[in-house]
Structure formats: structure tokens, C-alpha cells
1. Quick one: Karplus J couplings for region 204-215, per residue in order, coefficients 6.51, -1.76, 1.60, θ = phi - 60°, nearest Hz, x for Gly and Pro?
2. Which residue fluctuates the most in the chain, going by a Gaussian network model with Cα springs under 10 Å, if the choices are VAL32, VAL195, VAL182?
3. Determine Rg/Rh for the chain; Rg is computed over alpha-carbon atoms and Rh is the Kirkwood hydrodynamic estimate from the same atoms.
4. Could you tell me how many degrees, from 0 to 90 and to the nearest 10, lie between the Cα long axis of helix 72-102 and the main elongation axis, the longest principal axis, of the Cα atoms of the chain?
5. Residue by residue through region 6-18, what is 3J(HN,Hα) from phi via Karplus (6.51 cos²θ - 1.76 cosθ + 1.60, θ = phi - 60°)? Round to whole Hz and write x for glycine and proline.
6. Picking from SER127, SER275, SER253, which is most flexible by a Gaussian network model of the chain using Cα springs under 10 Å?
7. Mind pulling the angle between the C-alpha long axis of helix 110-137 and the longest principal axis of the chain? Nearest 10 degrees, somewhere in 0 to 90.
8. Mind checking the dipole of the chain: about its Cα centre, +1 per Lys or Arg Cβ, -1 per Asp or Glu Cβ, Debye to the nearest 20?
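FYI, it's all coordinate maths here, none of it is from the lab. Predicted, not measured: the structure shown is a model, and the values here were computed from it. When we count neighbours, we look across all protein chains shown, and the Cβ atoms used for this are built from the backbone with ideal geometry, even at glycine.
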Amino acid sequence: MESREKAAWLSVASNITLVVMKTMVGLMIGSVSVISEAIHSANDLLASFIALFAVKTAAKPPDEKHNFGHGKIENISGTIEALLIFIAALLIIKEAAEKIMHGGEPLTPGWGIVVMGVSAGVNLVVSEYLMRVARHTNSIALEADAIHLRTDVYTSLGVFMGLVLIHITGLNIIDPIAAIAVALLIIRAAWNLTVKSFVPLIDTALTEEEINEIKAVLDEHRDEFVEYHDLRTRRAGREAHIDLHLVAYAETSVGKIHDLCDQIEFRITQQIPYSHVLIHVEPCSRDEDPTPGNRPG
């Protein structure tokens, strides 16, 4: 089992535990903010299953129907997770608004304080681990899951502080107010995740930093070819697809050009992991204008 799949299973296990704990305690003490956190964790659990499916599917090699692999399944899963976060936030706001308007039973926040503290600690550890694996493997799905859990850390701490204040002041209205604050943080995280996950589905180019790394590799071999043009890039999940046209003198041997292209491709994959590089070579005579469009190719 690869590291991405192990991390996804850990997320599933931790979320199952937290959903059960928060639901039981939330119902026991009658806290809408704790129940809202249970909803949030249930949402995280579903997102964890989606992430698990995504990393397993994205790891499959290219096939006849998917010549460029299955990388974009991670972007799709991240977009679905963002939608689920939005829905969870709206449910939380609805429950909190009803409690503000209609009131509720007095709270005894003791166990709520305990479970929120435990939840924040567990999610902090798990989210840090997921983010580490996500960055190491360039996994959008795991990064989305890590963002989910990191948001849960902040919201759990917010509810924790709200319950502490209720215990000190006896003001139960703090509970739904804390729940609404939780929902607003969730919406912000969902928006950021939507942007990160959805945009690559329309074949967005790599970042400016990554493109500069590609150009730096080409500059390393500048004396071995005439020029390059039509550099194109796109992201699909953790995978990067890069292609360009390389102009070389026509009398250069095929073997030498082939070796040059291999060296460039290898260096680019070193700089940008999980990248696929395609180089189209164009001939140019020594007395020919090397400007693109002024020679055959």
C-alpha cells in the first residue's frame, strides 16, 4: 500500500472516531455547536472516502480510454469535497439560527469541552501528516483532505472556547454564535479548495515558478540547440504535462539530438516530479533564420 493510500485510510479512521464522539456528546449536552462539529466531521468522513477513492484511481497507469492517465480524478474529488463543505456550512448556519430564534435548554458543557479539545488535537496531528504526504506526492486529493481536517482544528478550538465561556458566564447564546463562526470559517476553506481543485480541470498551465524551472533546465543546454518555442504546460492532479518545440541544426545526428532530449526530459522531471515531457525537434540550417514561422516544421 503506497503512502497516499495509507494516509487516506488514517483520515477515514480518525473521522469515524470523531463523528461518533461528537454526535454522542452533542446530543447528550444539547449543544448545537458540538452537533455542528459532528456534521462537519461527518462531512470530513465522506470527503476522506472520496480522497481514498481518488488516490487509488489516480495511481492507475494510462489505459486505452485514458491515454494521459487518471490524474484529474484528484481534481474532481477535491471539487466534490468543496461542495460538501459548503453544504455542511449551510446546515450549521440553519441549526444555529433556529436556536438563536427559539432558544434552547441550558447547557452543561463539561463533556463538550473535553471532546472538542480531543478533536482539535487529533485533527492537528492527522492533518499535518496528510499535508506532508500530499506535498511529497503532489496529491491534490490528500491536500484537500488535509485542508478539511485543518479547518476542523480551528472550528473545534472555536467551539471549545465557546463552551468554556458558557461554563464561565452561563450565557447559552454563545453556543449558536460559535456555530455560525464555525460555518463562516468552513465556507472560506471551501472557497479556497474550490479554486485549487476546479481550475486545473480546464487545463490550467503550471505555476510561473514551475515554468521558470523548465526554462532554467533548457538554459543549461543552451549551447546544444538553436532555440525553443511553443512551450505548453498543464496540470492533471499531481501530474504535469509539458511539451515544446526544440530547434536544432539539421546536420546534428539523430542520436545526439535524442540524447539531448533525454537529458532535458530527465532534468525537468527532477525539478517537477510526476511530469511527462514531450519534445518535438525541428531542423534548421546554419544560414536559415531560426525565427519560428520562417522555416519548415
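1. 6, 5, 5, 5, 4, 5, 5, 5, 5, 5, 5, 5
2. Comparing VAL32, VAL195, VAL182 in a Gaussian network model of the chain, the most mobile one is VAL195.
3. Numbers: Rg = 25.7 Å, Rh = 21.8 Å.
Answer for the chain: 1.18.
4. That works out to roughly 20 degrees.
5. So the J values, rounded to whole Hz, are 4, 5, 5, 5, 4, 4, 4, 4, 5, 5, 4, 4, 6.
6. Between SER127, SER275, SER253, it is SER253 that shows the largest mean-square fluctuation.
7. Tilt relative to the chain: about 0 degrees.
8. Values: 24 positive and 37 negative charges, 264 e Å.
Magnitude of the dipole: close to 1260 debye.
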